[in-house]
Amino acid sequence: MSLEEKLAKIKSPNLQSQQHTTVVLSSIEETLSEQKTKFTPTAYFAALLALLKQSSSAAEQSSENEILTSTVYLLDLVTSYVSASLLRTQFSTILSLLAPFLSATTSNAPLLRSAIGCLESLLVAQDSAAWKLPQNQTSPRQAIVVLLTLAIDSRPKIRKRAQEALTKVLKTPPPGPAIDHPAAELCAVAAQNNLKNAVDTAHQAKRQRSKADDGHEPAVIHALQLTKTIAVASGGWPSKKIESLCELLLAISRSRNDFLVMSAFEVFEVIFEGMQDEVSSSKLPRLLEAIVELKPGQNDSQLIPPWIAILSRGYGTAGAVEPEDTFAKLPESFDLVAGFLTSPSHNIRVSASECLISFFANCVPDSAISDPSVYDEKLLEQISQKALGLLAVKYQSAWMEVFSALAALFDALRWRGDPYLLPIVKAIGGLRSNEGFQGKKEADEVLGHAIRNLGPGAVLSILPHNLIKPQPGQPGRAWLLPVLRDHVSNTYLAHFKADLVPLSEAMYQRVLDHGKGEKTMDIKIFETVIQQVWATLPGYCDLPLDLQVAMDQPFAEMISNLLYQQTELRVDLCRGLQNLVESYQALLASDLPDEILLLERRMSRSDAEKNIQHLSTFAGNLLAVLFNVYSQTLPQSRAYILQCINAYLSITPEKDLVDTFERVSKMLEEALPKPKQQPPKKEQSQAAGNKLPPTSHTLLDLVIALSVHLPRSTFSSLFSISSNILTNPVVLKSDPQLIKKSYKLIPRLATSKTGSEALTARNTELQQLILQTSETTPVPARRDRILAIQTLISFLPLSDLHFIPSILSEVVLACKDSNEKARTAGFDLLIAVTNKISDPTNPPDTVIRNRFVSHMPDDSPDAPASLEEVFTMVSAGLAGVAPHMVAASVIALSRLLWEYHNQLSDKTKVELVDTVTMFLQSNNREIVRAVLGFVKVMVVVLPVAMLEPRMPAIVPGLMVWSKENKGRLRAKIKGILDRCLRRFDAAKVESWAGGDDRKMIVNIRKRRDRAKKKNKGIDEDGAEEEEEVGGRERYDNEFDEAVYGSEDDDSEIDGGEDSDEDGDDTMSGVAFKKSSAGTRRGEQYIRQEDEDDEPLDLLDPKSMGNISSRKLGRLRDAQASSRKTKAKVNEDGKLVFGGNDNDNEADEDVDVAMSGGAGQDNSINAYLDAVSGADAVRRGQKGKLKVKSGMQKKTQQETRQRDGEMDLDVEEAREVARQIMQGSGSPRSPGARGRGGGRGGKQDARQQRRGLGVEKSRGPTQRQNFRGGGGVGKRGRGNARFAGRPARGRR
């Protein structure tokens, strides 16, 4: 940013604090204008310097002067644009003016930061002569000391600004022969002294507190930050001070404060990074020596891990800067770290293992692998011997860590480890063969690294599998086969032929010798070994080094025979053959130079090309075998065979490809039925998984696979095959799958360059074919046909845009296809067609020639190729007769509006909205459902100013369908209203719907308000929010989410009262049941009071009242389950055994049950009575209230049978019921026990609550023989039954 831009930004400040600076700047510019001086950096500098002198003299005692602060701020901006010579001449003057404010005691932080900026610009401008002045004079060195003091200030912004200034100064040394900045050593010494003083102060404070508490040590942290800043800026650290700095940093690393340890490591990290260049690398040996000399004690668990980590990082840097010297010191470094593997501390052992892994990865140069000298070979042998020593008994506790280091050693030495590392392989193999060894998994991993790098031949020469002819005393190593399978790569294929193929043959011969009898365990083991042997073939075929020798005719014949005969081995055989081709092709496509390829894979590009040419000589015969095997394999198991076929087709010579295509196409032509032939009769239904497909299907699959590799000369035959299948009437009637496969040819051709050229050249021919077959496409082939048309559109020339209107009706109908994949493809095609017509890169005179459209007159005028024209063409479907076509057109317009609403003109949007919303008056649900989707998109994407005038007419049209549950129309309208409430004022939305329709909007608004209040209580961690989000339905794209998604989409419409507690929020007959993760949708239950009830007649219109979406138990069962037996006690609380229950009841206190029910589950019983009892109120099929009279009568009869002994007068019963309903304490009736006696009078009194106001009574009481129904607990809404007659309570 230039000075003018910075000053202009100040003149229009957004901050209140910048206003005074603006005034000062304006006054300076006015002065310069009066003096007729240009607004140059030098002029600003002179004016500000003069103003600074005046301000300093006027504010000697205070640093809070606003003029002074603004002046220094502007001076900080200007000095970086002033010439260095001018700054050098004014250095002493400016420094003397700023000196009073460059102090840690200055409270004005903005002034201090600006002064630091001025000082930075001054120091950067100084030359070598100025830096040679002593520190006791007014010199740059004196200013550096000030910056170093401020760099450890307690205020973060001051500290940061001072460190930035030091970094800038040290990174811009003055011109001269010296490489380092003259002040670098001064800064390093000062920073190190600050760090030492901070550490000493912290230690002294700990001793005074007599407890270790280093959780808050800001001085040490600030000093470490300064040390890191200087190390980064100066590119390292002075060699003379490295040892003392390392000692300090290691002492800090012992702290329990993780932040301090991390900061110390960061200092080491930046020091090592600064030493990676050639200039600073000379300091690295001294630094490493200093670190090695600071080696801690053998069991210092606090200091050893950080020391090892620093040592590892240092040698990693040394390996990059001086690889040969570092490799020469590797045995010595190995011994230095390996000793810690005997430590009893697990952390120390892990740190030592990680350090050895770093040594092997960073300190072994590539030259020692690719072209080792004699000295390098001696070093390799020496390292291998030391690594073998790690398997000694004294390292046994660290063997798991040792195995990790040995695996890294195998990776570092690669194939050069043969023969140096073979003793390690033998030792680990011996451990692995021991049955009691616990680290078999880790040992297998090490041996796997050995197999990958040394090769399976070298490993098996030391550890033979001993499976063919077991040697006495030698264990069998069948466990090596899975290790080989997982790790073999880039090796010699001849080893597989010489060692593993004989093993497979020997095992197979044993299986054959057994005959066809029942398989024994040994035979199953032999078969497993055979499978494991051939499972290693893909690894052997991954970039083999000896392909031209190993891949011969006998081996190819053996593979072919196995493909025919051993179906269980086909997967591994095909993967192996495929790897042979694709591994060489991947190497040829690599961007790596040949040197790295030779180092990593031991093969150059020229070798890979020769190997591919060798493979191509076998391609023809292998393809014939693969074709035959493909035709004999079930469709669900063909994928891997087809992949292998594609691999070999890519390397087959062109002549062989043409011959193969001609043979396959001829066979396909013979397999296809003739056009005049009678369609074949459908066979008996057979399991599709066990039936081979027709030969024509298999041959067409092979033609499609061949198509991308064929030359242009064969494309006429290729397209004729597809045309014959698509127009064959017999195939159209009897074999839709063959049609489906034929359409796959066009997208397949588009994946190759030759195929794309053919699609461009034959586009007109393919257009005619698509139009010719538009009416005859079977349903299963719709998706593939749409994908073929989409591919064709991408190659469509601009002169043939008239093809789009010809197929547009099919595209629109595809947007409403019942198949989801076909529907998605239809939407994609609709967008592709629109993009093709409205592409901004099209020439301005691009038109759609309507006269070439089949269903339009020959004199139709041309239409401009524009976005509005697409909407016009799609809108033509709204005039269709079939509701399905109208609905599909509305859905297509919804998708286009969503995609292109930003590009449409307002006029087009208005016309589109007015046209589509007219269909809300339609009586067809299919059309209305599509229009609701359009309205939702419209509400989401269109501006409020356009929507608001039209919503008063649209919302009443929506509310007409708001009571229609079929097709989820009600739920869709709720979603639209929910979107409206997001964009418009709630009162305004409510005003658009009048009468009872307003209740729905009020309900939605209140539910949204409650949801907002609930969300406010969600914790900041968002656990509840994540749970809520996870339960919502996800959509594939934004369009589906906009059309189908809303906060109310998950609610269901349920008959019953609204769950809202507000009176004005109730909608008649509708309740919203919130869905949850545990809710099972679609489950319904039949209410049944007794097992002896008659089966429900579902044809009876009244049967809907007995069907519920909730599973409720029978009323009588629930009552029975609530009767519990309670232990009997006397007045003293002692248990009483035996005796009559009635006597015990009489001896206990009499409590009156509030609900008239039995036991402590009265509330549950009351609920069951209300929803499924004899007097429960039901809703019929259309929501009308009904009383279940049949159950009522049945219950009355049962009550008469059970309670026939009751002798209570009817008038007395009514008086009792009246008093119960009025809430009196005790009814005036004979034998009454209070308000609502127990059911049947047989309830245990101790399970009842004494009525409020009823005196506590003892002794025998008269039992009351009347039954308080479930309605008693409902306070006026239930029924009380006396002497078998129900008495209706008063409200």
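The values are calculated or read from the model by the stated rules, or taken from the named source; none is laboratory data. In this text, all values refer to a predicted model and were calculated from it rather than measured experimentally. Cβ placement follows ideal geometry from the backbone for every residue including glycine, while neighbour counts extend to all protein chains displayed. The area values use the complete protein model at the heavy-atom level, side chains included, leaving out ligands, DNA and RNA. Shrake-Rupley method; radii C 1.70, N 1.55, O 1.52, S 1.80 Å.
Given N residues in the stretch 818-910, what is its alpha carbon radius of gyration divided by 2.2 N^0.38 Å? If you can, show how the numbers build up before the last one.
Details: Rg = 14.2 Å, N = 93, 2.2 N^0.38 = 12.3 Å.
Here the Cα radius of gyration is 1.15 times the empirical estimate.
From largest accessible area down, sort VAL425, VAL124; use a 1.4 Å probe on the protein chains.
Result, largest first: VAL124, VAL425.
Can you compute 3J(HN,Hα) from phi for each residue in the stretch 517-522, using the Karplus curve 6.51 cos²θ - 1.76 cosθ + 1.60 with θ = phi - 60°, rounded to whole Hz and x for Gly and Pro?
So the J values, rounded to whole Hz, are x, 5, 6, 8, 5, 5.
Students often check this: by mean Cβ neighbours within 10 Å, which of 512-518, 349-355 ranks highest, and how do the rest follow? Intermediate values should be presented prior to the final figure.
Working: 512-518: 8.4, 349-355: 22.7.
Final packing ranking: 349-355, 512-518.
Under a 5 Å amide H to amide H cut-off, with H placed in plane at 1.01 Å, what residues pair with ILE1107 once short-range neighbours are removed?
Excluding prolines and chain starts, which carry no amide H, the hits are ARG1087.
Counting only C-alpha contacts under 8 Å and six or more residues apart, can you give the relative contact order of the stretch 312-389 as a whole percent?
Working: 57 pairs, mean separation 31.1, N = 78.
Reported as a whole number, the value is 40 percent.
Of all accessible surface on the stretch 566-693 at a 1.4 Å probe, what whole percent is carbon and sulfur?
About 51 percent, which is the carbon plus sulfur part of the accessible surface.
Please list 3J(HN,Hα) in residue order for the stretch 396-409, calculated via the Karplus relation 6.51 cos²θ - 1.76 cosθ + 1.60 where θ = phi - 60°; whole Hz, with x for glycine and proline.
4, 5, 10, 4, 5, 5, 5, 4, 5, 5, 5, 4, 5, 5
On the protein heavy atoms, probe 1.4 angstrom, tell me the percent of accessible surface of the stretch 228-343 carried by carbon and sulfur. Don't skip to the end; give the middle numbers.
Numbers: 2270 of 4600 Å².
Ligands and nucleic acids excluded, carbon and sulfur give 49 percent.
What does the charge add up to near LYS441, with Lys and Arg as +1, Asp and Glu as -1, over the other residues with Cβ less than 15 Å from its Cβ?
Working: positive: ARG432, LYS440; negative: GLU401, GLU435, GLU442, ASP444, GLU445, ASP486.
Result for the local shell: -4.
Once you've got the Cα coordinates, tell me which of LYS196/LYS283; LYS168/LYS196; LYS676/LYS753 are over 30 Å apart. Provide the component values of the computation, followed by the final result.
Details: LYS196/LYS283 22 Å; LYS168/LYS196 25 Å; LYS676/LYS753 38 Å.
Going by Cα-Cα distance, LYS676/LYS753 fall outside the 30 Å limit.
Using the heavy atoms of the protein chains alone and a 1.4 angstrom probe, what is the accessible area of the stretch 1-149 per residue in square angstrom?
Numbers: 7370 Å² over 149 residues.
Here the residues of the stretch 1-149 average 49 Å² of exposed surface.
Based on the mean of other Cβ atoms within 10 Å per residue, sort peptides 157-166, 27-36 so the most packed one is first.
On the way: 157-166: 20.6, 27-36: 12.5.
Sorting 157-166, 27-36 by mean packing, highest first, produces 157-166, 27-36.
Solvent-accessible area per residue for the stretch 630-748 at a 1.4 Å probe radius, Å²? Before the final figure, lay out each step's value.
Working: 6160 Å² over 119 residues.
Ligands and nucleic acids excluded, the result is 52 Å² per residue.
According to the square roots a ≥ b ≥ c of the eigenvalues of the Cα gyration tensor, what is the shape class of the stretch 6-136, taking rounded for a/c under 1.5, prolate for a/b larger than b/c otherwise, and oblate for the remainder?
On the way: a/c = 1.82, a/b = 1.25, b/c = 1.46.
Because a/c hits 1.5 or more and a/b fails to exceed b/c, the stretch 6-136 counts as oblate.
In whole Å, what is the distance between the alpha-carbon centres of the stretch 293-321 and the stretch 518-575?
Cα centres, the stretch 293-321 to the stretch 518-575: 50 Å.
Tally up the carbon and sulfur contribution to the accessible surface of the stretch 761-855 as a whole percent, 1.4 Å probe, everything protein left in place. Provide the component values of the computation, followed by the final result.
Values: 2140 of 4230 Å².
Carbon plus sulfur share of accessible area: 51 percent.
Could you sort out which of LYS988/LYS1016; LYS988/LYS1013; LYS691/LYS821; LYS206/LYS241; LYS972/LYS1006 sit more than 20 Å apart by Cα distance in this structure? Intermediate results must be reported in sequence, preceding the final value.
Numbers: LYS988/LYS1016 26 Å; LYS988/LYS1013 22 Å; LYS691/LYS821 26 Å; LYS206/LYS241 27 Å; LYS972/LYS1006 18 Å.
Over 20 Å Cα-Cα: LYS988/LYS1016; LYS988/LYS1013; LYS691/LYS821; LYS206/LYS241.
Packing-wise, with mean Cβ within 10 Å as the measure, how do 127-138, 893-904, 555-566 rank, highest first?
Values: 127-138: 12.5, 893-904: 18.9, 555-566: 15.2.
The packing order, highest mean first, is 893-904, 555-566, 127-138.
Which of the residue pairs LYS6/LYS53; LYS171/LYS228; LYS329/LYS426 have a Cα-Cα distance greater than 22 Å in the structure shown?
Numbers: LYS6/LYS53 24 Å; LYS171/LYS228 14 Å; LYS329/LYS426 27 Å.
In this structure, LYS6/LYS53; LYS329/LYS426 lie more than 22 Å apart at Cα.
Over the stretch 870-1023, give the accessible area per residue in Å² for a 1.4 Å probe, as an integer.
Values: 6980 Å² over 154 residues.
The answer is 45 Å² per residue.
Got a sec? What order do ARG605, ARG88 fall in by accessible area at 1.4 Å, biggest, i.e. largest, first? Intermediate results must be reported in sequence, preceding the final value.
Numbers: ARG605 55, ARG88 90 Å².
Largest accessible area first, the list is ARG88, ARG605.
Once amide H atoms are built 1.01 Å from N in the peptide plane, which residues 5 or more positions from VAL847, or in another chain, come under 5 Å H to H?
Excluding prolines and chain starts, which carry no amide H, the hits are ALA865.
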